[in-house]
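The values are calculated or read from the model by the stated rules, or taken from the named source; none is laboratory data. These figures come from a predicted structure and were not determined experimentally. Glycine gets a Cβ as well: all are built from the backbone with ideal geometry, and neighbour counts include every protein chain shown.
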Amino acid sequence: MSTNKLSHIPKTIVLVGLMGAGKTCIGKRLARRLGLPFVDADDEIEKAANCSIDDIFELYGEAAFRDGERRVIARLLNGPVHVLATGGGAFVNDATRAQVKETAISIWIRADIELLLSRTGRRNNRPLLKNTDPRKKLETLIAERYPAYEQADIVIESGNEFPDVTVDQTLDTLQDLLLSLNHSIAGVPR
């Protein structure tokens, strides 16, 4: 297990990626290891709307959900430093992505399609996968969203390993990024 040498995290850490990639699972563990609060954007959206995400999609449509998602994430990014797991489409929004780039550290949790299918198939609470072929929908989302996800500060592969292995890798990569930022700010080459 990686030793946490990160004593101070200067910005909120935002986890992005497709549904089923492990953002919430990894985010909770990462927050605990860093001694930071964990926030799930979907939970905050449900609290703000006073209904489930499924109901928001059904009653108001995806566009209304995305607008609410953008506003909730903007509010969360203006708060204290924490680890934030976002919904799969959040980082695709230009305004959200720009705010994340300005105020946070973004980490793309990337998983292959077979793992995404396996994980999303365990629960029936994914509005975008209802009444459609899950594989085809995920393939479409990969084509649409990966160009935005590729703009994240860090990319971490999520696999079938125990989640703490992914958290260790994330901590190591995050530490390297923060060291390089400190060195580049101080003008000291690495």
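Exactly one condition in (1) in a helix (DSSP H, G or I); (2) surrounded by 14 or more Cβ atoms within 10 Å (Cβ to Cβ); (3) more than 13 Å from the chain's Cα centre (by Cα) is not met by residue 81; state its number.
(1)
Being within 25 Å of residue 160 (Cβ to Cβ), part of a helix (DSSP H, G or I) and either polar (S, T, N, Q) or touching a Ser or Thr at 6+ places or on another chain (Cβ under 6 Å) (or both) is the requirement here; does residue 73 meet it?
In short, no.
Look through 148, 152 and report the one residue that is modelled with pLDDT of 90 or more, in a loop (DSSP other than H, G, I, E, B) and touching a Phe, Trp or Tyr at 6+ places or on another chain (Cβ under 9 Å). Lay out the reasoning, then the answer.
Details: 148 fails: in a loop (DSSP other than H, G, I, E, B).
Answer to the selection: 152.
Between a first residue in segment 136-155 that is closer than 13 Å to residue 19 by Cβ and a second residue that is modelled with pLDDT under 95 and in a helix (DSSP H, G or I), which pairs have beta carbons less than 7 Å apart while being 6 or more apart in sequence or on different chains?
Listed pairs, sorted by first residue: 137/128; 137/129; 138/113; 138/116; 138/117; 142/113.
Which residue pairs have Cβ atoms under 9 Å apart, sit 6 or more places apart or on different chains, and have a first residue in segment 70-98 that is aromatic (Phe, Trp, Tyr) and a second that is assigned to a loop (DSSP other than H, G, I, E, B) and buried (at least 19 other Cβ atoms within 10 Å of the Cβ)?
So the pair list comes out as 91/17; 91/152.
Are any residues in segment 31-48 more than 16 Å from residue 9 (Cα to Cα) and surrounded by fewer than 18 Cβ atoms within 10 Å (Cβ to Cβ), and if so, which ones?
The answer is 43, 44, 47, 48.
So which of 13, 53 is crowded, with 18+ Cβ neighbours inside 10 Å and more than 18 Å from residue 166 (Cβ to Cβ)?
Result of the check over 13, 53: 53.
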